[in-house]
Structure formats: structure tokens, C-alpha cells
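To start, the structure under review is shown below, and the notes come after it.
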Amino acid sequence: MIRGPLKFRPGRCRKWRAPWQSARGGGLLLALKSGIAFFDSGTGSIERVAALEAGHPDHRFNDGKCDPRGRFWAGTMNDVTRAPEGRLYRFDGAACVPFESGITIPNSLCWSRDARTMYFADSLKRTVFAYDYDPDRGVPGNKRVFATIAEPAIPDGATVDAEDCIWCAEYGGWRVTRFAPDGRRLRSIELPVKQPTSCMFGGADLDVLYVTTASQRLNAGERAKQPLAGALLAMDVGVRGLPEARFAGYQAIARVSASSAVRAVSCLVHPAIQAEADSDFFSCDFRPAVSTKRMASSRAMVTGVMLERGTITVYPPIW
């Protein structure tokens, strides 16, 4: 059941311009067009810690997520031609290590419950791949086809639930789909929007599936038929999710205390239209994470982060 679109309270939103200066407090890990950066939500400062590959001005980062041990994985893509020039990187706080090349649009990063399987999609190939994964070394191997997505949809953001099944947003397909660990399609949930971009479990008990959507490339007639395009949807799907790992390498780089916690947020490619505003945004994944202010209760929250023309907006968490 779709609970409906969620609206953040504009009066409670916090915005910062994005100067390239040093960040020394806890905050967010961002995958931006020009590289990976730490964002200090207390001061609004940003420190770029890993640059995108040199000589490729048309490239940028796309989907990203932390593995269960807290390493940040993110893929790059050619944002102009969509040529298979992208790479998949692992960032552990010291360097970006490339693991795969020839990617068109990187998406669907997530890990199995036991951390022994990594999932990753090359969207224009309409294929989600599975890899054997060594969680101790952070190394994938034995790549194989996990699932294929029928045209005109492509696989976008994905997550794993508590029963070890994979939920994948099918961009252009009007649905999110649940796959069994062996790749069988178990269930598809039809949505009132054509372009779901990602999905993630949140809420106090991780029992709500949040789905981000996009309104890019829709004409006026299509937007009229899809008034929720660009909204954040919340759904009861009858299953709970898994807690997302926090980035583990921040303390060494930013020299903050071992008690500091950082949420990893990766900017998606899809400009979304807010339900109450007619302006374009680059929508980011909505990650459930344990609030540093509520560690004792271990409640999960979903925080919205959007990037528009150099301005970072952090929205209040949804409980």
C-alpha cells in the first residue's frame, strides 16, 4: 500500500552554498560530479578528498553505497554520450580503487544480508549483476547475471530486505520489483509514476519502503497525468529492511573522534520536481541511518539531501 507522497517542512530545511574548503566535523560523504567530498553539516564546509579521473570532463559519479564494513562504493559515467566509459570504485578513506570499467550508467549497488554477495547494475545493459564478495578484503569476484529488466525500463537504485531479497526501482517501468536471492522475480508493485529512481527501507522499525521518483523529460501532458512525479513515496510492503552501514573511513581523514558517525549519501542523476515547487533538483538517495542523537533507541531515520546548482539542502528526518 502506498501511504502517499511525503513533504518536508520548508521552514525546517537547512541550506548551504558549496565552497571547496576544509571540513573537520561529522557530516555526510558526497559523491559529486567532480569527485568524493566530506560535507560538514555543522559548518556547511566541504572538503574534496578524491577527484574524478583526470581528462574526462564529461564524467561524473552516479549511484553509490557503503558495503557492510563501511567502505564506500560508487560508479562513474559519461554524462553526455552515455558511452561505456564509466568505472566502479571503492573508497575507504584513503584512495579510490577501480574494480570495473566499461560501464554506461552505474546503479543498484547493495549487498546480501551475510555480506557475501554484492549486486550492481549497468543500467543501459538492463542487467543486474551479482558478485561473490569478500567482506574482509572488500573485493568482488565471480561476476554473473542476476536479473534482467525488460524494455523500456532500466534498473536504477536498489536495496536488500531482511529476507535477503532485492528491491529494484525500474526507471521508465512504473514499478519497483522484488527479486529472490536466486534472481527470480517475486513481486512487482505498480506505481503512479513512470520514473522511480531508488528505494530504501526506513521508519522506526525499517518497515516502510521509501521510493524516490523523477519528473525529468516528461512533457506537460505526461506531468499532468503523473502529479506525483518527482515526489518521495512511502509504501507498506509487508517486509522489513536491513540497517544501512555507515562510512567507516571518515575518522582517519577528517581527524574527528571515534564516536563520530557519517551517513553516506550519493547523488542520483535524476532531476526531480518537488511536489510543491516547480524547480529542478538533483535528488539524492534517502538512506535509513541510526541518528547520532538517538543511538540508545537504535531508531532508523530517512534524511533528504538535494543538490541544486551548487546548493546543498538537508531536509529533516522522517520518523
The stretch 110-215: C-alpha gyration tensor shape, a/c 1.5 cut-off, then a/b vs b/c:
oblate
When the chain is fully extended, how far beyond the present Cα-Cα distance does Asp58 get from Ala180, taking 0.36 nm per residue of separation?
40.3 nm
Once amide hydrogens are built 1.01 Å from N within the peptide plane, the residues lying 5 or more places from Thr117 or on another chain with amide H under 5 Å from its amide H are Ser112, Tyr133
Determine the shape class of the stretch 126-168: with a ≥ b ≥ c the square roots of the Cα gyration tensor eigenvalues, call it rounded for a/c under 1.5, and otherwise prolate if a/b is greater than b/c, oblate otherwise.
oblate
Which ordering of Cys96, Cys199, Cys165 is given by a fewest-first count of other beta-carbon atoms within 10 Å?
Cys165, Cys96, Cys199
Please order Asp207, Asp164 by the number of other Cβ within 10 Å, starting at the fewest.
Asp164, Asp207
Given a Förster distance of 35 angstrom, what is the FRET efficiency for Asp164 paired with Lys225, based on the Cβ-Cβ distance and rounded to 0.05?
0.45
Residue by residue, what Karplus-based ³J(HN,Hα) values in Hz, rounded to whole numbers, does the stretch 111-119 have, using 6.51, -1.76 and 1.60 with θ = phi - 60° and x for Gly and Pro?
10, 5, 4, 8, 6, 9, 10, 10, 10
Quickly work out the Arg82-to-Val97 label distance, labels modelled 7 Å from Cα along the C-beta direction, and quote it in nm with one decimal.
3.2 nm
Tabulate in residue order the Karplus-calculated ³J(HN,Hα) for the stretch 134-150, using 6.51 cos²θ - 1.76 cosθ + 1.60 with θ = phi - 60°, rounded to whole Hz; enter x for Gly and Pro.
9, x, 6, 9, x, 10, x, x, 6, 5, 8, 6, 9, 7, 10, 10, 6
Under a 5 Å amide H to amide H cut-off, with H placed in plane at 1.01 Å, what residues pair with Asn78 once short-range neighbours are removed?
Ala83, Glu85, Gly86
The set of residues whose placed amide H lies less than 5 Å from the amide H of Gly173, leaving out same-chain residues fewer than 5 positions away, is Ile154
Arg90, Arg69 arranged by Cβ crowding within 10 Å, fewest neighbours leading:
Arg69, Arg90
State whether the stretch 54-163 is rounded, prolate or oblate according to the following rule on the C-alpha gyration tensor (a ≥ b ≥ c being the square roots of its eigenvalues): a/c under 1.5 gives rounded; otherwise a/b larger than b/c gives prolate, and the remaining case gives oblate.
oblate
For the stretch 59-68, 3J(HN,Hα) per residue [Karplus equation, 6.51 cos²θ - 1.76 cosθ + 1.60, θ = phi - 60°, Hz, x = Gly/Pro]:
8, 7, 6, 10, 5, x, 6, 7, 6, x
Candidate aspartates and glutamates - alpha carbon under 17 Å from Lys194, same-chain residues fewer than 8 apart omitted
Glu151, Asp156, Glu170, Glu222
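Since every read-out is calculated from the coordinates, none of them should be taken as a lab result. Computed from a predicted model, the values in this text were never measured in an experiment. Backbone-built Cβ (ideal geometry, glycine too); neighbour counts: all protein chains shown.
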